[in-house]
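The next block holds one structure in the form of structure tokens; read it before the comments.
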Amino acid sequence: SFTQQLAEARSEPGPAPAQEAVVVPAVVTESAAVPEVKLGGLVNFSLPKGSVALTFDDGPSKYTREIVDILEKHKVGGTFFFVGTQVRKFPEYVKYADDHGFSIGNHSMTHADFEDLTSDKRQLEIARTNQLLEAVTSEPVVLFRPPYGATDDALSQLVEKNGMKIVLWNKDSEDWKASSSQTIMNYTRHTELSGSILLLHESKQTVQALPQLIEYLQKQKLQFPNLR
């Protein structure tokens, strides 16, 4: 089953080269400098201790701008995994995230389960989304997050052929089904998030929880890098 595969994927290092993600200082721009993590592996689940990556799936949406503003206000990084059909609807929100220096990744064209797709359809899902994103950002897209975290060796090879890296996660807030921002905060308080790639989604509950979540983790002296 997919659940079982995902559990196995999370416990296995995957077909990644034995390279660690490296935190590098950000290039100082007009906005406050935010650290960046250069992901070393082909498949990435985690970060070095002392860092937490806030990653946001399924946008762009009506919440993208608010999320960007909260991240910027708190001077922290964030990585957005955008779906192609949503990029078509809200290209201005992609531009907003990009203009404010946040990392943008590919989350497929239609949020299809890649387990059910042929190799050609997988390539199309990746390539079409890259075209849409690159038309807005004028930069190559190097990060890919498969919908539902569904990955296999063939997908890893395809992503590598496209000059990209897979970004999964090792901590899941389950914010998409949270009844309130408090549910997300309860998860944050009871989870060790140092060294994590945290899965979040663009939702009302997440927007409400985000300032409190960041402030709570900042008290632990964690860094919040952009992923590259």
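The values are calculated or read from the model by the stated rules, or taken from the named source; none is laboratory data. Everything numeric here is computed off the predicted structure, so don't read it as measured data. When we count neighbours, we look across all protein chains shown, and the Cβ atoms used for this are built from the backbone with ideal geometry, even at glycine. Each accessible area value is taken on the protein alone, full model and side chains, heavy atoms only, with ligands, DNA and RNA left out. Shrake-Rupley method; radii C 1.70, N 1.55, O 1.52, S 1.80 Å.
Numbers below:
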| read-out | value |
| --- | --- |
| FRET efficiency for Ser138 and Thr85, using Cβ-Cβ distance with R0 set to 25 Å, rounded to 0.05 | 0.75 |
| Where only alpha carbons of segment 36-79 are counted, the Rg and the Dmax (Å) | 12.3, 33 |
| Hits among aspartates and glutamates - C-alpha to C-alpha of Lys221 under 17 Å, sequence gap 8 or more where chains match | Glu36, Glu192 |
| Cβ-defined net charge surrounding Glu115, 12 Å radius [Lys, Arg +1; Asp, Glu -1] | -1 |
| Asn170 paired with Glu192, simple spin-label distance in nm, labels 7 Å along Cα-to-beta-carbon | 1.0 nm |
| Tail beyond 27 Å, pair distance distribution of the chain (Cα, percent) | 27 percent |
| More than 25 Å apart - percent of Cα-Cα pairs taken over segment 88-208 | 33 percent |
| Share of carbon and sulfur in the accessible heavy-atom surface of the chain [1.4 Å probe, %] | 50 percent |
| Cross-link pairs beyond the 27 Å C-alpha cut-off, checked among Lys38/Lys177; Lys62/Lys161; Lys49/Lys95; Lys89/Lys204; Lys49/Lys204; Lys73/Lys171 | Lys38/Lys177; Lys62/Lys161; Lys49/Lys95; Lys49/Lys204 |
